[in-house]
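Undergrad: Take this structure, written in structure tokens, and hold onto it; I'll ask about it next.
The values are calculated or read from the model by the stated rules, or taken from the named source; none is laboratory data. What you see is a predicted model, and the numbers here were worked out from it, not measured in a lab. Note: ideal-geometry Cβ built from the backbone for every residue, glycine included; neighbour counts use all protein chains shown.
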Amino acid sequence: MKKLIITALLLMSVSAFAQDQARYTFVFLNTNQDRPELPKKEVDSLQAGHMANIGRLVKERKMIAAGPFDGGGGIFLFDTNVEETKAVLNSDPAIAAGRFNLEVMAFDMAKGEICTLWDEDEADIGMTSYYLARYTNNNTGFGTQTSSHTVRHMRDAERMFKELKVLGILKFEANQGQVVIFNAPESDAYQEYFAKQKLVKKGMMDVYVKPLYFPVGVFCEN
């Protein structure tokens, strides 16, 4: 009997460990408001190096995609774990120069899937405007149920906004919230609608919505 209990506990531990191993890594590049003022020539050089480094990491099949927010900052998606991702981030000259504050989080897809574009001709990859909604958990004891609330809320959003299409719902590990990427006509109504999500109204989550410029096809939408 004792052996059976120990075996069951070991199986549960292995299962829990496997569930915690998220497939991808997400990086928020938040504009560092305290970054030093630099001459335009130096800023342009950092930006050129930033873009070249993105291209290199994509060619090395480490980075899946990158895109800027309207108003500054942006996101990276990596096909590497958190430790591997952190190890390559400082190869970006803009990051090394402290132009961004980073948030690095492992994630899996709660809805949708990721398609890499590594084998596509760069000239054939288009960029377009999407929206990103970020849900942040305020109650860490609520568990993983928060993603199911977000999935249901976005299903309702697609019914309310006829031209809104959810491309992906990304679930961060360690109960760090979710990101929703969606395609929709330009409107100020989305922030208000997303704030009506049940857990946001209860104060258990916060949400913001930002326009995002991103490669077409990363969420298999082609």
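Undergrad: Looking at Asn90, Asn137, Asn101, Asn81 in this structure, which one is at pLDDT below 95 and farther than 16 Å from Val180 by Cα?
TA: Just a single option satisfies the conditions, and that option is Asn90.
Undergrad: Okay, next question. Does Val179 meet the test of being of a type in the set (A, V, I, L, M) and closer than 24 Å to Ile64 by Cα?
TA: In short, yes.
Undergrad: Within region 202-222, which residues are modelled with pLDDT under 95 and basic (Lys, Arg)?
TA: Passing the criteria: only Lys202.
Undergrad: Filter region 54-90 for residues that are in a loop (DSSP other than H, G, I, E, B) and touching a Pro at 6+ places or on another chain (Cβ under 7 Å) and give the result.
TA: Asp70
Undergrad: On to the next question. Among the residues of region 202-210, is there at least one that is more than 18 Å from Ile64 (Cβ to Cβ) and in contact with a Ser or Thr (Cβ under 6 Å, 6 or more places away or on another chain)?
TA: Looking for residues that are more than 18 Å from Ile64 (Cβ to Cβ) and in contact with a Ser or Thr (Cβ under 6 Å, 6 or more places away or on another chain), one finds at least one in region 202-210, hence yes.
Undergrad: Check region 167-181 and report whether any residue there is over 16 Å from the mean Cα position of the chain (by Cα), not assigned by TED's automatic domain parsing to the domain that holds Leu77 and not acidic (Asp, Glu).
TA: no
Undergrad: Would you tally the residues in region 90-118 being surrounded by 15 or more Cβ atoms within 10 Å (Cβ to Cβ), closer than 20 Å to Arg134 by Cβ and not aliphatic (A, V, I, L, M)?
TA: 6
Undergrad: Given the residues Leu132, Leu57, which is the only one that is modelled with pLDDT of 95 or more, on the phi < 0 side of the Ramachandran plot, hydrophobic (A, V, I, L, M, F, W, C) and outside the structural domain of Pro39 (by TED's automatic domain parsing)?
TA: Going through Leu132, Leu57 in turn, the sole match is Leu132.
Undergrad: As an exercise: evaluate Pro185 against (1) modelled with pLDDT of 95 or more; (2) assigned to a strand (DSSP E or B); (3) not hydrophobic (A, V, I, L, M, F, W, C) and give the number of the one condition it does not meet.
TA: The single condition Pro185 does not satisfy is (2).
Undergrad: Just give me the residues in region 192-209 being within 18 Å of the chain's Cα centre (by Cα) and within 15 Å of Ala157 (Cβ to Cβ), in sequence order.
TA: Correct list: Phe194, Val207, Val209.
Undergrad: Moving to a separate point now. Based on what the data block shows, is Pro211 free of Cβ contacts under 8 Å to residues at least 24 places away in the same chain, surrounded by fewer than 18 Cβ atoms within 10 Å (Cβ to Cβ) and under 30 Å from Ala123 (Cα atoms)?
TA: Against the criterion (free of Cβ contacts under 8 Å to residues at least 24 places away in the same chain, surrounded by fewer than 18 Cβ atoms within 10 Å (Cβ to Cβ) and under 30 Å from Ala123 (Cα atoms)), Pro211 does not qualify.
Undergrad: Looking at (1) under 22 Å from Asn81 (Cβ atoms); (2) at pLDDT below 95; (3) of a type in the set (A, V, I, L, M), which is the one condition that is false for Ala195?
TA: Answer for Ala195: the failing condition is (1).
Undergrad: To continue, here is another question. I'd like the full set of residues that are surrounded by fewer than 20 Cβ atoms within 10 Å (Cβ to Cβ) and of a type in the set (A, V, I, L, M), limited to region 63-88.
TA: Scanning region 63-88 gives Val82, Ala87, Val88.
Undergrad: Please identify the pairs in which a residue from region 43-55 that is within 23 Å of Leu117 (Cα to Cα) has its Cβ atom under 9 Å from the Cβ atom of a residue that is at pLDDT below 95, counting only partners at least 6 apart or on another chain.
TA: From region 43-55, the pairs are Gly55/Glu122.
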